[in-house]
Amino acid sequence: MSKTATLEIDGKKHEFPLIVGTENEVAIDIKTLRAVTGGVTTIDPGYKNTGACESAITFLNGEEGILRYRGYSIEELAEKADFLEVAYLLIFGELPTQEQLDKFNADIKEQSVVDDDIKKIIDAFPKSAHPMGVLSSLTSALTAFNPSSVNVDSEEEMYKTVCKIMGKFPVLVAWTMRKKNGLPLNYGDSSLGYVENILKMMFSKPNEDYKQNEILVNALDKLLILHADHEQNCSTSTVRIVGSAHTGLFASISSGISALWGPLHGGANQAVLEMLEAIKEDGGDTKKFMAKAKDKEDPFRLMGFGHRVYKNFDPRAKIIKVAADEVLADLGVEDPVLDIAKGLASEALSDEYFVKRKLYPNVDFYSGIIYRSMGIPVEMFTVMFALGRLPGWIAQWKEMRARKEPIGRPRQIYIGENLRDFKTIEKR
Ligand code: SDX
């Protein structure tokens, strides 16, 4: 592999260094492009061919369907680790010792009280408010109650801020759902594990003792691991670019929640269930919906299918599909929508349109089926995605600040009017 790339413009050659990553990915370093070419830039809508940063957190290989957090395969982590271990790994770079994990858990619990005035903000929302809008607002509001911006050069301050958001975020998630369900806003039980307590905060009722269900705990723990990070996706890139202005961590994460809400991104898990329900209501004719998805005149897309990076099976979708079967069987739940999903997937995987475009089920295709079997309302599905993605957003924000990345400010090519004189109103 040569060490440089050569660009020729108007007969003049310019050399740019090649950067090679630890997994042999290659990038052209164009940091000096404008300077050496007198102002020439690049353009790449959606950044399909453009790297925003160098990162040591997550490695994806879309062609081979590989996903690793800090070098560990998603398959091993989903099977052998729990969510808090994976959060620690993503944020601090190594799997924790038992002592480090116990301390992390204890420090998070200590930080998990939310200022009671947050309830006044929740009360101001109509019950019809989408939980993602509520969660984004509440997360940003955390800044009002924790105004001091973290000194990112202080390991101790950074650790404390990480524990604050890891402790308070699940409370905001649970309160967002409880408010919608008309339930009192409470805390769980700090003697429980991180994920167990999330379920208790979400589902406990004031008039009965809450019974833990290990099947649900294990299913949620696995789903949160599978959603924990995914390198420079839309919402993570949002968290990084907002944070690059030295905006605080909580407000940066709030912006990431808004980006994740979109149906082309994390909002797809809600859109998949709504699509599967629509197919069921329509009599289960998957071929009709496949035809709509392929019709360029029809804005309908097969939600939960396709991916910017994976041009093979999303490894997370493979794991979630198996988990969906297990959870529904363990819970003794028959869900016809799962059968419709499987029928749709097998049709698409042998359909020329999807095969040619390498469109495979992604992380959002089966996850909603598990969330629904757990009794989570469909409007809360993307909130659950955010709950999983939290450690990834934290890790990426922390890495960007630690590497002292410059403020994100892309260039453009102007295609508007050239200079023209002002016209007084009577002449317009
Ligand atoms: C997530 O980036 C990440 O890592 C994201 C994520 C994460 O963990 O953070 O993995 C989570 O966001 C998963 C994706 C969830 N979104 C959906 O399921 C929505 C449905 N999928 C699509 O909208 C689409 O596939 C995207 C947005 C996911 C990817 O879009 P791209 O990369 O911009 O691809 P494209 O739109 O250029 O599509 C290429 C072709 C087009 O057809 P042609 O113009 O070549 O004829 O494939 C077609 C598209 O029309 N296509 C689809 C399709 N997805 C792409 N056609 C029908 N149904 C689909 N779902």
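I want to confirm something. Restricting to region 220-237 and keeping residues that are more than 11 Å from the ligand (Cβ to nearest atom) and over 11 Å from ARG389 (Cα atoms), which single residue is least open to solvent (accessible area, probe 1.4 Å)? Let's see the steps before the verdict.
Of all residues in region 220-237, those more than 11 Å from the ligand (Cβ to nearest atom) come to 220-225.
After this cut, where a residue has to be over 11 Å from ARG389 (Cα atoms) as well, the list is 220-222.
Details: LEU220: 0, ASP221: 25, LYS222: 59 Å².
Only one residue fits best here, namely LEU220.
So which residues in region 127-158 are surrounded by fewer than 18 Cβ atoms within 10 Å (Cβ to Cβ) and closer than 19 Å to PHE381 by Cα?
LYS127, SER128, ALA129, GLY133
Table: residues versus (1) surrounded by fewer than 19 Cβ atoms within 10 Å (Cβ to Cβ); (2) free of Cβ contacts under 8 Å to residues at least 40 places away in the same chain.
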residue: LYS179; (1), (2): no, no
residue: SER190; (1), (2): yes, no
residue: VAL195; (1), (2): no, no
residue: PHE203; (1), (2): no, no
residue: ASP209; (1), (2): yes, yes
residue: ASN218; (1), (2): yes, yes
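For region 249-352, please list each of the helices (runs of 4 or more DSSP H) lying entirely inside it that holds at least 2 residues being farther than 16 Å from GLY368 by Cα and within 12 Å of the ligand (Cβ to nearest atom).
249-261, 286-294
Give the residue that is farthest from THR236 (Cα to Cα), with candidates limited to residues of region 45-56 that are within 13 Å of the ligand (Cβ to nearest atom) and not polar (S, T, N, Q).
PRO45
Conditions tested, residue by residue: (1) out of contact with any helix residue (DSSP H, G or I) (no Cβ under 7 Å at 6 or more places or on another chain); (2) more than 16 Å from the ligand (Cβ to nearest atom); (3) not basic (Lys, Arg).
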| residue | (1), (2), (3) |
| --- | --- |
| LEU185 | no, yes, yes |
| LYS205 | yes, yes, no |
| GLU208 | yes, yes, yes |
| LYS211 | yes, yes, no |
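Tell me, please, whether a residue that is assigned to a helix (DSSP H, G or I), within 16 Å of the ligand (Cβ to nearest atom) and of a type in the set (A, V, I, L, M, F, W, C) can be found in region 402-409.
No, because not a single residue in region 402-409 is assigned to a helix (DSSP H, G or I), within 16 Å of the ligand (Cβ to nearest atom) and of a type in the set (A, V, I, L, M, F, W, C).
Report, by residue number, each residue of region 358-385 that is more than 17 Å from ALA228 (Cα to Cα) and of a type in the set (Gly, Ala, Ser).
SER373, GLY375
Considering only residues of region 114-148 that are of a type in the set (S, T, N, Q) and out of contact with any Gly (no Cβ under 8 Å at 6 or more places or on another chain), which is farthest from GLY167 (Cα to Cα)?
SER128
The values are calculated or read from the model by the stated rules, or taken from the named source; none is laboratory data. These numbers were taken from a predicted model, which means no experiment stands behind them. Here the Cβ is made from the backbone with ideal geometry for all residues, glycine too, and neighbour counts use every protein chain on show. When the accessible area is computed, the model is the full protein with side chains, heavy atoms only, and any ligands, DNA or RNA have been set aside. Shrake-Rupley method; radii C 1.70, N 1.55, O 1.52, S 1.80 Å.
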